[in-house]
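Reviewing the structure listed below.
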Amino acid sequence: MGVEGFVCWTAQSVEDRAELRRVLNAQLSSGTRALRQARESGLVDGTTLRPAGLAAAQAFAERSELPMPGPAAAIADFGALLDALDRVAATGEKLTAESVPAEFDHVTPSVDRFDREYHTVNVARTYPDGAEVELNYRSRDPSHAGETKPNRSSAILWLRGDVDRPYEHRVEWIED
């Protein structure tokens, strides 16, 4: 993930596509190819980072001890929550409150009443620089008696507020 992380870290700073290609070609022997691979991997859309690209850029910045442009603490927490969601979705588990950094506040979602019970994790954090990260997760729990449908988890993760680019990541999975 080193080269992809570098590509994403650079894309966070360079908004012009031609300039991004020029910078990457000057820095990497595989410059344009690395950018194409980052796009094919779903990390970058043009020069805009997708949530996974944002997490890759933050991980690269931390490993390299380089500054991350924009609200670094919000980006780091967003990346940690994104990794937690990917991990539980890949294994078919429920997200638990232990997967959320301790600094997050629990929030009560304003939703209509459901016809079944749900396990939820709804948290948010506002940062001193005006950025905000919010996670709304729910899992249908348990299935109705005699129902053969598996439980389904869904989550929405936002990075918004005073940020260069807001991000929204949605994911659903069937629980095993």
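The values are calculated or read from the model by the stated rules, or taken from the named source; none is laboratory data. Since this is a predicted model, take the numbers as computed values, not measurements. Note that we place each Cβ from the backbone using ideal geometry, even for glycine, and neighbour counts take in every protein chain shown. When the accessible area is computed, the model is the full protein with side chains, heavy atoms only, and any ligands, DNA or RNA have been set aside. Shrake-Rupley method; radii C 1.70, N 1.55, O 1.52, S 1.80 Å.
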- Query: For region 19-40, does any single residue satisfy the condition of being within 27 Å of GLU172 (Cα to Cα) and of a type in the set (Val, Ile, Thr)?
  - Reply: no
- Note on the structure: Note on region 13-49: residues under 18 Å from LEU82 (Cα atoms) and either touching a residue at least 60 places away in the same chain (Cβ under 8 Å) or hydroxyl-bearing (Ser, Thr, Tyr) (or both) are SER41, THR48, LEU49
- Task: Return the total of residues in region 56-86 being open to solvent by less than 40 Å² (accessible area, probe 1.4 Å), at pLDDT 80 or above and of a type in the set (Gly, Ala, Ser).
- Result: 7
- Message: Kindly evaluate ALA11 against the criterion of being of a type outside the set (Val, Ile, Thr) and buried (at least 22 other Cβ atoms within 10 Å of the Cβ).
- Response: yes
- Message: One residue is enough: does region 75-97 have a residue meeting the conditions under 25 Å from GLY130 (Cα atoms), touching a helix residue (DSSP H, G or I) at 6+ places or on another chain (Cβ under 7 Å), among the hydrophobic types (A, V, I, L, M, F, W, C) and not in a helix (DSSP H, G or I)?
- Response: no
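Being outside any strand (DSSP E or B), at pLDDT 75 or above and open to solvent by less than 100 Å² (accessible area, probe 1.4 Å) is the filter here, so list the residues in region 104-136 that pass it.
Hits for region 104-136 are PHE104, VAL107, TYR127, ASP129, GLY130.
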- Which of the following residues is over 25 Å from PRO128 (Cβ atoms) and touching a helix residue (DSSP H, G or I) at 6+ places or on another chain (Cβ under 7 Å): PHE6, PHE60? PHE6
- Message: among the polar types (S, T, N, Q) and closer than 29 Å to ASN122 by Cα: is that true of THR47 in this structure?
- Response: no
- Message: Which residue is nearest to LEU159 (Cα to Cα), if the candidates are limited to region 9-48 and must be at pLDDT below 85 and in contact with a strand residue (DSSP E or B) (Cβ under 8 Å, 6 or more places away or on another chain)?
- Response: GLN12
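How about region 40-55: which of its residues are over 17 Å from MET68 (Cβ atoms) and touching a helix residue (DSSP H, G or I) at 6+ places or on another chain (Cβ under 9 Å)? Walk me through it before giving the result.
Taking region 40-55 first, the residues over 17 Å from MET68 (Cβ atoms) are 40-42, 45-46.
Of everything in region 40-55, those that are over 17 Å from MET68 (Cβ atoms) and touching a helix residue (DSSP H, G or I) at 6+ places or on another chain (Cβ under 9 Å) turn out to be SER41, GLY42, ASP45, GLY46.
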- Among ALA57, ALA74, which is the only one that is among the hydrophobic types (A, V, I, L, M, F, W, C) and over 16 Å from LEU20 (Cβ atoms)? ALA74
